[in-house]
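Following: one structure in structure tokens, then a few remarks.
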Amino acid sequence: MDDFKHNIEQSFGVLSETKSGWKTELNLVSWSERPAKYDLRPWSPDHEKMGKGITLTKEEIIKLKEILNQMEL
């Protein structure tokens, strides 16, 4: 897995931060030089390590936004 690479092309925001400095972020990430997708996961302060998360296409993030806009929070 030495060839595994990631490139954060755009950061949209931080949802939370732990005491150790890890932040759950929404970013546009290219994984292994593939087209970038929307990505929600925890990152270490230097963005070298990451936790489990979800990756969404543009269509999926649009649908998620529609669902969230309909929710009463």
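Miscellaneous remarks
- Cα gyration tensor shape of the chain, rounded if a/c is under 1.5, else prolate or oblate by comparing a/b with b/c: oblate
- In terms of accessible area, using a 1.4 Å probe and ignoring ligands and nucleic acids, LYS19, LYS49, LYS5 rank largest first as LYS19, LYS49, LYS5.
- Angle of helix 58-70 to the longest C-alpha principal axis of the chain, folded into 0 to 90 degrees and rounded to 10: 40°.
- Between amide H atoms placed 1.01 Å from N, distances below 5 Å from HIS6 occur with SER32, all of them 5 or more places distant or on a separate chain.
- Loop sites in the range 1-70: chymotrypsin sites (Phe, Trp or Tyr not before Pro), DSSP, at most 15 other Cβ within 10 Å: PHE4
- Note on LEU64/THR18: beta-carbon distance plugged into 1/(1 + (r/R0)^6) with R0 of 30 Å gives a FRET efficiency of 0.80.
- Ordered from highest to lowest accessible area with the whole protein assembly present and a 1.4 Å probe, ASP46, ASP39 read as ASP46, ASP39.
- Accessible area expressed per residue, the chain, with surrounding protein chains retained (probe 1.4 Å, Å²): 81 Å²
- Length released on extending from THR57 to SER32, taking residue separation times 0.36 nm less the Cα-Cα span: 7.4 nm
- Summary value for the chain: 22 percent relative contact order, contacts being C-alpha pairs under 8 angstrom separated by 6+ residues.
- Our coupling estimate for the range 42-52, obtained by passing each phi through the Karplus curve with A = 6.51, B = -1.76, C = 1.60 and θ = phi - 60°, is x, 10, 5, x, 8, 6, 8, 10, 9, x, 5 Hz, Gly and Pro reported as x.
- Apportionment of accessible area to carbon and sulfur, the chain, percent (1.4 Å): 52 percent
- Charge dipole (Cα centre; +1 on Lys/Arg Cβ, -1 on Asp/Glu Cβ; no other charges) of the chain amounts to roughly 140 debye.
The values are calculated or read from the model by the stated rules, or taken from the named source; none is laboratory data. Bear in mind that the values here come from a model prediction, so they are computed numbers and not experimental data. Reconstructed Cβ throughout: ideal geometry from the backbone, glycine too, with neighbour counts over all protein chains shown. Each accessible area value is taken on the protein alone, full model and side chains, heavy atoms only, with ligands, DNA and RNA left out. Shrake-Rupley method; radii C 1.70, N 1.55, O 1.52, S 1.80 Å.
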